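The values are calculated or read from the model by the stated rules, or taken from the named source; none is laboratory data. What you are looking at is a predicted structure, and each value in this text was computed from that prediction instead of being measured. All Cβ positions, glycine included, derive from the backbone under ideal geometry; neighbour counts span all protein chains shown. These area figures cover heavy atoms from the full protein model, side chains too; ligands, DNA and RNA do not enter into them. Shrake-Rupley method; radii C 1.70, N 1.55, O 1.52, S 1.80 Å.
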Amino acid sequence: MTASITLPVSILGSISREEFLRDYWQKKPLLIRQALPDFTPPLDVDELAGLALEEGVESRVVMAQGPESPWQLFNGPFKESFLQTLPEKNWSLLVQAVDHLLPEVGELLKAFDFLPSWRVDDLMISYAPEGGSVGPHFDYYDVFLLQASGKRRWQLGQYCDESSPLRTDTQLKILTEFEANTEQDWVLEAGDLLYLPPQLAHWGTSLSEDCTTWSVGFRALSAEEILCGVADFIGETLADDLRYTDADIKLPEHLAAIDDAAMDRVKSLLNKVMDNPAALSEWFGRAMTQTKYPDQLFAQEDPWTTATLHELMNEDEPLLVIAEGSRLAFRVANEGNWLFADGEALKFSAELKDWVADLSAKVNLDATFIKQTLNLPEASELLVKLINQGSVYLIEEDDNNLLH
């Protein structure tokens, strides 16, 4: 493992943050040459392969021509013998959420501070020898593709939707038609960055033996996920006697006819129950901070209290850290104030707004921050809750062990 990542002033190069958000974000692709000059990945290919051997790590191998079918998919965790017997060319290893596993890798996410942190999903790393690819496809989310080492050719194509035809001979969602744009056909080298908006077809192919690509993906809930999620969340709070009524009913023209007035009553009922800003805010905050994997947080076996937090100050340079992969966000609004942490919603008073904002922007919670927290009883209670649910944990400085 090498040193942590050195970030430039701006990963967008000569383009301002405002210009990127106005002209490119979710609109059109952007290639930035040498976005990270002299970039040196903090892990090598052998270390990446080692992660793919571990239980609880989401990993995949894609072979352009597998032993059983084209574009064959294999899911990890893998045996070392499997990786050692892969052919010399035309395959890819992909390891998901490496930022959740290695803080050094997660450092890169700081470069994307022009976008809300709760929109970031994870950082995937892929390795491919020459010819390695996952085929022509499209995603429903934004992605930044950083070439970490070696060379990869990226061909961009048409915009796609759910009606775009896919191959039926593979588990992967590979497009049967790829309309290559000759003006958007680029070879990326180490340090180059490519942004792709949602639903744009793309095809990346390794041109070297040492091709690694870091992909920063962003969460994008579907309308179905939002509708069903909000409806279920609000539905749990509704009284059983809130029902469809028709006290204004008129004599029906036909006994089996559902008239417009009936549908207007249904719409009115739905509008009434869904017009709930507090519930909508709470559900959305929970949904966007939900952990990627259910078992990635380690709750305290012996729950802390605020007294434990006070005792911590007796240690030399106590350090609490936000757990790798933990997601924090907050909302301050007329309908309420919430700190969202890994799918949980914790209410707080207006007086705590600055403390919550400070907490949500940090990775390390040092002695100064802990001392400040102890001067605020409400903040102390919130921090203890985060520790007990595993969103924050203690680092023992003497032996550098992580105590979850």
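What is the packing order of peptides 84-90, 57-63, 144-150, 242-248, taking the mean over residues of other C-beta atoms within 10 Å and listing the highest first? Please report the intermediate quantities before stating the final value.
Numbers: 84-90: 12.4, 57-63: 20.7, 144-150: 23.0, 242-248: 8.4.
Packing order, densest peptide first, comes out as 144-150, 57-63, 84-90, 242-248.
Lys and Arg at +1, Asp and Glu at -1: add these up for the other residues within a Cβ distance under 14 Å of TYR159 and post the number.
On the way: positive: LYS27, LYS28; negative: ASP139, ASP142, ASP161, GLU162, GLU177, GLU179.
Once positives and negatives cancel, what remains is -4.
When Lys and Arg each count +1 and Asp and Glu each count -1, what net charge do the other residues less than 15 Å away from GLN65, Cβ to Cβ, add up to? Walk me through the numbers before you get to the answer.
Working: positive: LYS89, ARG167; negative: GLU68, GLU88, GLU130, ASP169.
Its environment carries a net charge of -2.
Can you tell me how the chain classifies by the Cα gyration tensor, rounded, prolate or oblate, using a/c under 1.5 as the rounded cut?
Details: a/c = 1.91, a/b = 1.13, b/c = 1.70.
Taking the square roots of the gyration eigenvalues as a ≥ b ≥ c, the chain is oblate.
When we measure straight from the Cα of LYS385, which lysines land under 16 angstrom away, once same-chain ones fewer than 8 places off are left out?
Filter leaves LYS347.
Straight-line reach from LYS151: which lysines fall under 20 Å, measuring Cα to Cα and dropping same-chain residues less than 8 apart?
Partners found: LYS89.
Under a 1.4 Å probe, what is the accessible area of the stretch 281-399 per residue, stated in Å²? Don't skip to the answer; put the middle values down first.
Numbers: 5940 Å² over 119 residues.
Ligands and nucleic acids excluded, the result is 50 Å² per residue.
Counting only other residues whose beta carbon sits under 13 Å from that of ASN271, what net charge do I get with K and R as +1, D and E as -1? If you can, show how the numbers build up before the last one.
Numbers: positive: ARG265, LYS267, LYS272; negative: ASP264, ASP275.
Combined, the nearby Lys, Arg, Asp and Glu give +1.
Do the sum for the chain: with -39,500 (n - 2.57) for every DSSP H run of n ≥ 4, divided by all residues, what is the mean residue ellipticity at 222 nm, to the nearest 500 deg cm²/dmol? Please report the intermediate quantities before stating the final value.
Details: 11 runs with 100 residues, N = 404.
Helix contribution divided over all residues of the chain: -7000 deg cm²/dmol.
Heavy atoms only, probe 1.4 Å: what % of the accessible area of the chain goes to carbon and sulfur, would you let me know?
50 percent
Identify which of THR291, THR373, THR205 has the largest mean-square fluctuation in a Gaussian network model of the chain, with springs joining Cα atoms closer than 10 Å.
Comparing THR291, THR373, THR205 in the GNM, the peak value goes to THR373.
Does the stretch 17-172 classify as rounded, prolate or oblate by the C-alpha gyration tensor (a ≥ b ≥ c root eigenvalues; a/c under 1.5 gives rounded; else a/b over b/c gives prolate, otherwise oblate)? Don't skip to the end; give the middle numbers.
Working: a/c = 1.81, a/b = 1.25, b/c = 1.46.
The shape class here is oblate.
With a ≥ b ≥ c taken as the square roots of the eigenvalues of the C-alpha gyration tensor of the stretch 238-387, please select rounded if a/c is under 1.5 and otherwise prolate if a/b is larger than b/c or oblate if it is not? Don't jump to the answer; show the numbers that get you there.
Working: a/c = 3.84, a/b = 3.09, b/c = 1.24.
Here the stretch 238-387 falls in the prolate category.
Count neighbours as other Cβ atoms within 10 Å of each site's Cβ, and list the chymotrypsin sites (Phe, Trp or Tyr not before Pro) in the stretch 272-341 that are DSSP loop with at most 15 such neighbours. Display every interim value, and only then the final one.
Numbers: sites: TRP283, PHE284, PHE298, TRP304, PHE330, TRP338, PHE340; in loops: PHE298, TRP304.
Loop-located and lightly packed - PHE298.
Among ALA180, ALA190, ALA261, which one moves the most in a GNM of the chain with springs linking Cα atoms closer than 10 Å?
Most flexible of the set in this elastic network: ALA261.
Just for the chain, what percent of DSSP beta bridges are antiparallel, to the closest 5?
On the way: 65 of 65 bridges.
For the chain, the DSSP antiparallel bridge percentage is about 100.
If I take every Cα pair under 8 Å that is 6 or more residues apart in the chain, average their sequence separation and divide by the length, what percent do I get for the relative contact order?
Working: 734 pairs, mean separation 58.9, N = 404.
This gives 15 percent for the chain.
Specify the residue with the greatest mean-square fluctuation among LEU382, LEU36, LEU269, computed from a Gaussian network of the chain linking alpha-carbon atoms under 10 Å apart.
LEU269
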